[in-house]
1. What's the lysine pair count for the chain at a Cα cut-off below 17 Å, pairs eight or more apart or interchain?
2. Roughly speaking, what is the stretch gain from SER285 to MET93, that is 0.36 nm per residue apart minus the C-alpha to C-alpha distance, in nm to one decimal?
3. What is the extension gain from ASP706 to ALA396, computed as 0.36 nm multiplied by their sequence separation minus the C-alpha to C-alpha distance, in nm to one decimal?
4. Per residue, how much accessible surface does the chain expose to a 1.4 Å probe? Answer in Å², no decimals.
5. For the chain, give me the percentage of DSSP beta bridges that are antiparallel, rounded to the nearest 5 percent.
6. Quantify, in whole percent, the carbon and sulfur part of the accessible surface of the stretch 478-534 (1.4 Å probe; protein heavy atoms only).
7. For an R0 of 60 angstrom, estimate the FRET efficiency from the Cβ-Cβ distance between ASP29 and LEU414 and round to the nearest 0.05.
8. Using the Cα centre of the chain as origin and beta-carbon charges of +1 (Lys, Arg) and -1 (Asp, Glu), tell me which of LEU550, GLY254, ILE638 is placed farthest towards the positive end of the dipole.
Amino acid sequence: MHADVPATALGSDARDRVSGRTEYPSTVDRPGMLHARLLRSAVPHGRIRRLDASRAAALPGVHAVLTGETLRAIAGIETHYGPVLRDQPIVAMDVVRFVGEPVAAVAAEDLDTLDRALALIDVEYDELPSVFDGPGAFADGAPLVHETLASTSMAFAEIPIDQVASSNICHHYRLRTGDADRGLAGADFVFDDTFTSPVVQHVPLETHACVAEARPGHVTVWTGTQIPHGLRRTIAEIFHLPVTGVRIIVPTLGGGYGGKGHPTIEPVAAVLSLLTRRPVRIQLSREEEFVTITKHAASVRIVTGVSRDGMLLARRAECIFNTGAYADVGPRVAKNGGYGMAGPYRIPDISVDSYAVYTNLPPAGAFRAFGVPQGAWAYESQMDIIADRLGIDPVAIRRKNLLRDGEELSTGQLMEDSHFEELLDLVAPAVREDGVRAAEQRGRRTCRGTGFATIVKGTVTPSTSTAIVKLNQDGSADVLTSAVEMGQGFKKTMALIVGRELGISAGRVSVSDPDTDVTPYDQQTSSSRSTYATGSAVRQAAVKIRSQLLADASEQLEVAEADLELSDGRVAVVGTPSSGATIAEVMARSRRGNLIGDGMYRSEGGLDPSTGRGIASVHWHQAAGAADVEVDLDTGKISLLGFRTSVFAGQVINQVGAELQTEGNLAFGLGQALFEELLFDGGQVQNGNLGDYMVASILDMPPSMDVTFLEDPSGNVIHGLGETSLPTIMPAIANAVFAATGARVRELPITPERLLRALAAQPERGSAAVGTSA
């Protein structure tokens with residue numbers, strides 16, 4: 001798609017990537033390093049009756065076996081951890097809660113010895129009742145996954161947690177705006193629909209990998225994490241160390257998508273290293289990835305009241321997010337999904353109850369745009385159901401209800417910088433040929449349709465990023481930051497920001513990998529925040545250097561600062577590029593050695609725990625999408641013919657990177673729309689390999705893709721776009737199928753089997769749950 005683009009345009013590290021010189025977590029090697037693997041539970045829920053690892057410990061080449069019993073015996077170690085709730089044991093202590101949970105870990109000289117050692121560990125369980133689906137776990141009388149409430153972690157202390165005792169609810173988020181009961185009672189029509197989305201997996205190219213080196217009083221971890229300083233805090237909590245006693249080093253990640261946001265294998269590796277006094281390496285197999293972290297399955301019931309002319313009047317929603325056996329970041333997913341249930345629309349009266357619930361499935365965590373795609377799948381699908389029942393064009397009904405500047409979002413914030421209508425106009429063609437249109441084509445009965453979706457997405461708030469920029473003697477620059485390069489082009493973008501401020505090429509700017517002993521604090525590389533948040537801190541730091549450099553040049557050249565500019569590596573008189581001196585010459589004459597600038601970005605906000613109202617996001621990411629599909633009515637096969645995406649970017653820093661990120665979202669979204677689904681039988685993954693679990697390939701991508709970025713003319717606004725277009729894709733495809741066939745599928749993915757069942761259940765179009773308020 002971008003074969004004509006030079007490597008220098010793709011990223012400052014592009015050449016190292018394609019030549020194999022880039023270091024990844026999976027390539028880290030330390031002298032004397034041991035290898036480790038995990039023995040995993042074979043039952044979804046049970047008490048460990050007997051665990052005998054003596055034969056494995058006696059095997060030549062084995063240096064340590066970690067079990068719940070040995071973990072409990074290590075003085076000064078916290079046995080449980082978690083980014084929000086400390087509910088996950090480093091290895092199972094007394095109870096296992098999902099198939100695949102680590103019950104023992106072995107450190108040995110080589111992988112062959114590990115395989116033999118794991119086979120020598122004997123485990124017996126007393127099985128306990130299990131629960132696997134979110135609504136089932138939510139029901140009264142469901143088997144309890146956890147008997148007691150967990151303590152909260154300090155890693156994300158700003159999140160108010162509402163656990164419910166003697167239940168599987170690990171967090172309940174409430175949103176109350178206006179009076180939903182009154183609004184629904186006064187509506188002309190009330191639509192009541194339930195939409196579900198399944199467990200899916202991130203499938204990064206590189207699986208989880210880390211190396212830990214621990215000694216009394218200090219732990220160093222080389223790992224693939226998206227949140228280095230958050231991991232540092234967690235490891236410090238586990239070992240009862242000050243954060244100065246923990247060092248996290250993060251090479252370039254081979255993909256993350258949220259799945260590498262929070263600790264998984266790092267605590268195990270660190271404890272094994274402490275036991276063996278040797279560095280310990282763990283890298284998960286592809287099969288292990290599927291039982292390590294997933295996307296939350298969700299069930300969303302959405303009840304919406306509308307007027308006869310299509311105005312949205314009220315909404316009540318119940319969202320149940322299946323967080324698996326341990327909370328991970330489930331409470332934040334429930335919060336994000338909950339406050340997003342109004343979408344980009346003005347709805348006066350709203351009531352949302354959003355739950356993260358425990359089940360006996362692998363833990364679910366952050367997943368690209370977490371919480372928002374599950375909600376958008378529901379509200380944008382229902383929007384077309386409403387339009388169809390009322391006989392209103394689906395684009396027109398959206399325009400009628402979209403938020404405009406100065407209007408209130410569901411959380412009570414005033415919408416600022418709204419571009420929803422412009423974005424929708426960019427993807428909606430002037431003349432469309434949607435609707436049911438069966439025809440004989442090449443001997444097949446097919447029909448085509450176009451569907452739309454418009455979404456709003458927040459970014460993590462409150463949020464903090466700090467950065468340091470150093471201008472060197474030769475006019476090159478270094479950027480120190482703890483934000484993570486994971487294939488999204490972060491380093492290139494930061495180099496461009498610094499280069500523009502200092503008048504040097506991006507190729508003269510080096511951007512660090514995170515090293516918490518050296519690089520300043522950055523909250524996280526997620527939530528589409530890095531270009532805006534980290535970039536703002538980097539720009540501040542560069543502006544400070546620019547000011548110092550111009551002051552030195554003014555003194556040396558005897559020219560007023562206001563008459564000087566930085567361009568092409570020179571400090572020149574405005575309008576005379578060849579005048580003045582090179583930046584290197586100015587630096588040499590100043591004898592400073594280097595110039596250093598620091599910057600900080602910090603946003604404020606938060607939501608009231610009882611009403612869910614407040615500042616949910618410092619700004620709002622906005623996107624629209626349109627899908628063109630062809631459906632084979634005999635087989636149920638759906639072919640995506642084209643997809644149009646428009647995103648409000650504010651200012652595009654790296655055009656090629658922005659396009660690639662947005663096209664990557666399309667690959668993610670179409671897979672989840674049409675075929676991605678992690679299947680379980682009694683808690684056991686049935687398709688936990690890339691032979692059975694399907695992800696989108698280049699052959700699945702539509703022949704027509706159109707990506708448009710709406711920019712702010714001032715050039716002073718930057719909005720994140722790493723995830724922004726993703727939530728539009730699943731509902732837009734579903735709405736296109738509905739436009740073509742009249743069949744509505746409410747369960748992702750929209751497989752041929754589900755579509756054929758929906759076609760057979762016709763003839764009536766629209767929601768079976770529609771009725772009048774009278």
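The values are calculated or read from the model by the stated rules, or taken from the named source; none is laboratory data. As the structure is a computational prediction, the values presented were derived from the model and not from experiment. Here Cβ is always computed from backbone atoms with ideal geometry, including for glycine, and neighbour counts include all displayed protein chains. We work out accessible area using only protein heavy atoms, side chains counted, and drop any ligands, DNA or RNA first. Shrake-Rupley method; radii C 1.70, N 1.55, O 1.52, S 1.80 Å.
1. Counting lysine pairs in the chain gives 6.
2. This chain segment gains 66.8 nm when fully extended.
3. Extra length from ASP706 to ALA396 when fully extended: 109.4 nm.
4. 36
5. 80
6. Answer for the stretch 478-534: carbon and sulfur cover 48 percent of the accessible area.
7. My answer for the efficiency is 0.65.
8. So the residue furthest toward the plus end is GLY254.
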